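The values are calculated or read from the model by the stated rules, or taken from the named source; none is laboratory data. Everything quoted here is computed from the prediction, not taken from an experiment. Virtual Cβ from ideal backbone geometry, glycine too; neighbours counted across all protein chains shown.
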Amino acid sequence: MKTPRFVALPSATVHALQAGASDANGQIPERRISNGAGVPCRHCLTQVASGEPYLVLAYRPFPSPQPYAELGPIFLHADACRRYAPEASVPPMFLAWPRLLIRGYGGDDRIVYGTGQIVSTGELAQAADALLARPDIAYVHARSASNNCYQCRIER
């Protein structure tokens, strides 16, 4: 098994949002203060600590709008944070969660039907690798198992 890479949001995108750029809905991100629970930053792939400011905004993890280009809420540190380097290991933040939803997408950025599955985070890398071994899968999304919120992209 070749371990897949877990890819956080691009720094240029995050820095623009932190500087006040509009989100996928054309709105300025909301600024809040974290209570320390359930506020995962999609740039550094760590929880925003209690008392730290964060942004909540609409994000579309696809290159352009189309019927399968889901848009939803995400969190980011309000201040600069170090991007999680695309690594061949499951981000530690994910291992603290019981499960995630994964779903495969084709080269046309459309969902490949039948690929969606809720997996235990201990089996996340293996399940993503199995999807990425398929020739019709270009990449995988990791999403919240309970709310379907985008977490990160998983690539070969």
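Here are the numbers for the structure shown:
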{"quantity": "For Ile33: the one exception among (1) surrounded by fewer than 18 Cβ atoms within 10 Å (Cβ to Cβ); (2) under 29 Å from Ala127 (Cα atoms)", "calculated": "(2)"}
{"quantity": "Boolean, Ser89 is among the polar types (S, T, N, Q), loosely packed, with under 15 Cβ neighbours inside 10 Å and without any contact (Cβ under 8 Å) to a residue 24 or more places away in the chain", "calculated": "no"}
{"quantity": "Total residues in region 1-30, condition hydroxyl-bearing (Ser, Thr, Tyr) and either at pLDDT below 95 or surrounded by 19 or more Cβ atoms within 10 Å (Cβ to Cβ) (or both)", "calculated": "1"}
{"quantity": "Cross-chain or 6+ apart pairs with Cβ under 7 Å, region 18-40 first and at positive phi, then of a type outside the set (S, T, N, Q)", "calculated": "Gly20/Ile28; Gly36/Ala49"}
{"quantity": "Those residues of region 33-51 which are out of contact with any Leu (no Cβ under 7 Å at 6 or more places or on another chain), closer than 13 Å to Ile74 by Cβ and not in a loop (DSSP other than H, G, I, E, B), in sequence order", "calculated": "Pro40"}
{"quantity": "Residue ID - surrounded by the most Cβ atoms within 10 Å (Cβ to Cβ), chosen from residues in region 99-155 that are without any contact (Cβ under 8 Å) to a residue 12 or more places away in the chain and more than 21 Å from Gln66 (Cβ to Cβ)", "calculated": "Ala130"}
{"quantity": "Residue within region 64-72 that is outside any loop (DSSP other than H, G, I, E, B) and in the same structural domain as Leu45 (by TED's automatic domain parsing) present", "calculated": "yes"}
{"quantity": "Long-range neighbours under 6 Å by Cβ, at least six apart or interchain, first residue in contact (Cβ under 8 Å) with a residue 24 or more places away in the chain and within 14 Å of Asn25 (Cβ to Cβ) within region 61-75, second of a type outside the set (Lys, Arg) and in a loop (DSSP other than H, G, I, E, B)", "calculated": "Ala69/Phe62; Leu71/Ala24; Gly72/Cys149"}
